[in-house]
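S.K.: Before we start, here is the structure in question, set down as structure tokens.
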Amino acid sequence: MRVFIRSLVLLVFVLLVAWIGLWWYAEGRLEAGANAYIARYAANPNVKVSYASMVRGTSPLAARVTVTDFQISVLIPNQAPVVVTLPSVGLRISAANPTVVHVDYPPQINISTARGDAAVTFGSIDVAESLDPAALFNSSIQPFRGAQANASNINILASNGSLQVLHIDSIAVQGTVNRHAGPGDTAVTASESFNGIALSSLLTRLGQVPFNGQIAQLAFTFSASGPLPADWRNIANQVNAFPVDDKADRAKLIFTTLHDWAAAGGSANGSVTLVLGPSTMMADGAVKFDANVQPAGTADVTANHLDAFTAAIVAAYPQVQNSVNQMEAELSPYLSTTNDGGQVLTVHVAYGKGAVNVNGQKVSDMPPVDWNLLENPPAQAPGDGSGASP
């Protein structure tokens, strides 16, 4: 019995030491991750980052790192910088779910600009990122394979927080990354949904905004397939490393990356949904590339109750009547009327192989994409942009 008790005590002791070591390691990785996140911001010459302290947690049931008084300053030429201040932001891993990193945001984020101060407040906000298990003990690979965020009762306030500008009932964001994606595999997915967007009643009245200044829903989806570009995590930093006015080098990097992705079998699709007033508008599109890296794809746009929608716009802003009439005339081939949908817009675009077709009819030729010209645009002479010497 004594031998059993001693063995049990030793086992508990070993497990306790192992747990403490794992907890300490996890907090160290969180701290390194926080520093890497800050370093990515600081790599942008137009951004400055500062914070008061970075503190590790003390509970053995959760690895935690908290950064206090976190500030991001975006430098703007000839103006005061835009400063975003978070009283605190934390990274947390619960012992009950060790492959999920929670990001703890404060209920209020403060924004300072040259024109005044503003704030964003949240009734609730929950952000979680899924860890790739292979990254737990390998810091050289991308640690996250997905993320989701949900926030509710969001308010954007101006005049030092005394004037409500915008309210959003809820926001939902979700995304995934597959770093092992091949030519036929989905590499990136993303979706965002904003529900119950409303201007303040004061601004709605002052601006005579139709539909009570409300948007019922605005949603986006996006997915891309094919191998991820090499060093894809740092592409944004590489672009930002060029001066703001160095458009040529920025464009070269962006188009070279797109060209490489397309040549490796890349494809993409996305959609947008907007529910505004009486009308629901939806658009989606897809693109893929042939052996010569030439694009082909489709795009669809539909909208219902356009008659009621445009009537409300004209009632609020009579001066746009002529513009609405012109738009309806141009879109007349694609408009129809139904009992349920009122005036309905239906547009289907197919492009590729040198042609663009709309609703089955060719509307124009499609010249080939000159990737070399996109990646190496001719130098512009100063002045009129014509390329001619002054």
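S.K.: With springs only between Cα atoms under 10 Å, which of Thr186, Thr302, Thr337 fluctuates most in a Gaussian network model of the chain?
M.R.: Evaluated over the chain, the most mobile residue of the options is Thr337.
S.K.: Here is a follow-up. Helix-only estimate, please: 222 nm mean residue ellipticity of the chain, summing -39500 (n - 2.57) across DSSP H runs of length 4 or more and dividing by its residues, to the nearest 500. Intermediate results must be reported in sequence, preceding the final value.
M.R.: Values: 7 runs with 98 residues, N = 390.
That calculation yields -8000 deg cm²/dmol at 222 nm.
S.K.: Taking the Cα-to-Cβ direction at Ala315 and at Glu375 and moving 7 Å from each Cα, how far apart do the two end points lie in nm?
M.R.: Result for the modelled spin labels: 5.5 nm.
S.K.: Report, in order of residue number, the helices in the chain meeting two criteria: a C-alpha extent of 27 Å or more along the helix axis, and a mean Kyte-Doolittle hydropathy of at least 0.5; treat each whole DSSP H run as one helix.
M.R.: Helices passing the filter in the chain: 2-42.
S.K.: Moving on. Magnitude of the Cβ-charge dipole of the chain, K/R +1 and D/E -1, about the Cα centre, nearest 20 debye? Before the final figure, lay out each step's value.
M.R.: Numbers: 19 positive and 27 negative charges, 277 e Å.
Its charge dipole is roughly 1340 debye.
S.K.: Right, another one. Mind checking which lysines have their Cα closer than 27 Å to the Cα of Lys252? Skip sequence neighbours fewer than 8 apart in that chain.
M.R.: Qualifying lysines at Cα under 27 Å: Lys48, Lys288, Lys353.
S.K.: Now, a different point. Identify, among Thr121, Ser200, Asn325, the residue whose Cα sits farthest towards the positive end of the charge dipole of the chain, taking +1 on the Cβ of Lys and Arg and -1 on the Cβ of Asp and Glu, with the dipole about the Cα centre.
M.R.: Selected residue: Thr121.
S.K.: Place a point 7 Å from Cα of Leu75 in the direction of its Cβ. Which residues in segment 236-260 have their backbone N less than 18 Å from it?
M.R.: 237-247
S.K.: Report the gain in length on full extension from Leu163 to Asp249: 0.36 nm times residue separation, minus Cα-Cα distance, nm rounded to one decimal.
M.R.: On the way: separation 86, 0.36 × 86 = 30.96 nm, distance 4.20 nm.
My answer for the length gained is 26.8 nm.
S.K.: To the nearest 20 debye, what charge dipole does segment 33-160 have about its Cα centre, counting +1 at the Cβ of each Lys and Arg and -1 at the Cβ of each Asp and Glu?
M.R.: So the dipole magnitude of segment 33-160 works out to roughly 180 debye.
Where a number appears in this text, it was derived from the coordinates with a stated rule and is not lab data. This is a predicted model, so every value here is computed, not measured. Neighbour counts are summed over all protein chains in view; Cβ atoms, including those assigned to glycine, are modelled from backbone coordinates with ideal geometry.
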